[in-house]
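The values are calculated or read from the model by the stated rules, or taken from the named source; none is laboratory data. For clarity, every value in this text was computed on a predicted model and none was experimentally measured. Note that we place each Cβ from the backbone using ideal geometry, even for glycine, and neighbour counts take in every protein chain shown. Each accessible area value is taken on the protein alone, full model and side chains, heavy atoms only, with ligands, DNA and RNA left out. Shrake-Rupley method; radii C 1.70, N 1.55, O 1.52, S 1.80 Å.
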Amino acid sequence: MKKPLVLISLLLVLALALTACSASFDPAKNISVVAREDGSGTKTAFMELIGLRGKADPRHVVTQNGVAGVLAEVKGNPHAVAYESLGYVTKDVKALKVNGVEASVANIKNGTYQIARPLSVVYKESTLSNSLYNAFLTFLKSSNAQNIINDEGYVSVVDNAAAYTINSSLSGTIEISGSTSLQPLMGELASAFKKLQPNVTINVAGGGSGTGYNNAENGVSQFGMISEVFGQARAASCTHYIVAQDGIAVIVNKKNPLDNITMDQLKNIYDVDAGASAILKWDALVK
């Protein structure tokens, strides 16, 4: 009797899997609001940019840690809406226009796409008295770095940059930590710098923008990474350099027919205090 029972169990599992895969979009359903974890620079920037700085998430929010979790949730849930760094949005989900403007590199650079933020390094001015650390910041401003930034889908902030000049006398270790949104790009930039300066070691670690501020302020890292507008109060003895601009895309499942959303609509989805103005179901947006 065991084999038939096993077969039935397998068939039930398969049926459930097929049902999940074939789940369709129903505008009468509640919006499944997805947010990044507290401490995420992406979350801080998004909430500030839509006018909800410092506010708590909606009561029924689905919290995901990191880019992969957000993308997986939206890909698997036809009724989900989320936000994520444009550079990491895949073809498995759909990025909405915001106020009729596409989330694109060109529109971030020309300022027409409103949900965009700087990706920066935080450091102490005294750090630059060290020739190695100064050389790395110079590299971040070079044409070598700008080419990588553009190739990786971000927006370069330096026009007509000069090429980096190799200094064969450089050696030592650079510690960089902070924003997980900037971390992958910084990893690419660090690798390119090490190829030019083979006697240099660079360690790039995550931890979030809060970690970037704290580690730069306390001398744990020479450079802290943040993915939001620099807040002087969070690292009183530091300054910053904008490495690149990054757009935050509003994403939905590919089965969702919605193509455009307004800033006001976004605010009324994510505002825990929206009250009667809260948008709870998709039929308020999809006609």
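Apart from one condition, Asp159 fits all of (1) crowded, with 16+ Cβ neighbours inside 10 Å; (2) among the charged types (D, E, K, R); (3) within 17 Å of Ile108 (Cα to Cα); the exception is (1). Test Leu119 against the stated conditions and say whether it is modelled with pLDDT of 95 or more, in contact with an Asp or Glu (Cβ under 7 Å, 6 or more places away or on another chain) and open to solvent by less than 20 Å² (accessible area, probe 1.4 Å). No; evaluated as a whole, the condition is false for this residue. All conditions in (1) in contact with a Ser or Thr (Cβ under 8 Å, 6 or more places away or on another chain); (2) assigned to a helix (DSSP H, G or I); (3) at pLDDT 95 or above hold for Val67, with the sole exception of (3).
Taking the range 60-109 as the range and being on the phi > 0 side of the Ramachandran plot and over 16 Å from the mean Cα position of the chain (by Cα) as the test, the residues that pass are Asn99, Gly100. Quick check on Ala274: is it more than 20 Å from the chain's Cα centre (by Cα), crowded, with 22+ Cβ neighbours inside 10 Å and either over 18 Å from Pro58 (Cβ atoms) or among the hydrophobic types (A, V, I, L, M, F, W, C) (or both)? In short, no.
The residues on offer are Glu125, Glu152, and the sole one that is of a type outside the set (Val, Ile, Thr) and within 28 Å of Asn99 (Cα to Cα) is Glu152.
Residues in the range 82-107 that are farther than 20 Å from Gln245 by Cβ and either of a type in the set (D, E, K, R) or buried (at least 20 other Cβ atoms within 10 Å of the Cβ) (or both): Ala82, Lys91, Asp92, Val93, Lys94.
Annotation for the range 240-263: no member residue is within 23 Å of Ser40 (Cβ to Cβ) and of a type in the set (Lys, Arg). Would you confirm, using the coordinates I've provided, whether Ala161 is farther than 30 Å from Gln265 by Cα, assigned to a loop (DSSP other than H, G, I, E, B) and among the aliphatic types (A, V, I, L, M)? Yes.
Suppose we filter the range 207-231 for residues that are closer than 16 Å to Tyr123 by Cα, in contact (Cβ under 8 Å) with a residue 24 or more places away in the chain, crowded, with 16+ Cβ neighbours inside 10 Å and under 21 Å from the mean Cα position of the chain (by Cα); how many remain? So the count comes out to 15.
Taken over the range 23-43, residues that are touching a residue at least 40 places away in the same chain (Cβ under 8 Å), of a type outside the set (Gly, Ala, Ser) and either part of a loop (DSSP other than H, G, I, E, B) or open to solvent by 30 Å² or more (accessible area, probe 1.4 Å) (or both) amount to 6.
Scanning the range 214-224 turns up no residue that is touching a helix residue (DSSP H, G or I) at 6+ places or on another chain (Cβ under 6 Å), assigned by TED's automatic domain parsing to the domain that holds Ser168 and aliphatic (A, V, I, L, M).
Quickly run through the range 126-151 and pick out the residues that are part of a loop (DSSP other than H, G, I, E, B) and surrounded by fewer than 16 Cβ atoms within 10 Å (Cβ to Cβ).
Asn130, the sole residue that qualifies.
Kindly establish whether Val122 is part of a strand (DSSP E or B), among the aliphatic types (A, V, I, L, M) and under 27 Å from Asn160 (Cβ atoms). It is true that Val122 is part of a strand (DSSP E or B), among the aliphatic types (A, V, I, L, M) and under 27 Å from Asn160 (Cβ atoms).
Residue-by-condition table, conditions (1) touching a residue at least 40 places away in the same chain (Cβ under 8 Å); (2) closer than 22 Å to Thr239 by Cβ; (3) assigned by TED's automatic domain parsing to the domain that holds Lys267; (4) over 19 Å from the mean Cα position of the chain (by Cα):
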residue	(1), (2), (3), (4)
Tyr133	yes, yes, no, yes
Leu137	yes, yes, no, yes
Ser143	no, no, no, yes
Asn147	no, no, no, yes
Tyr164	no, yes, no, yes
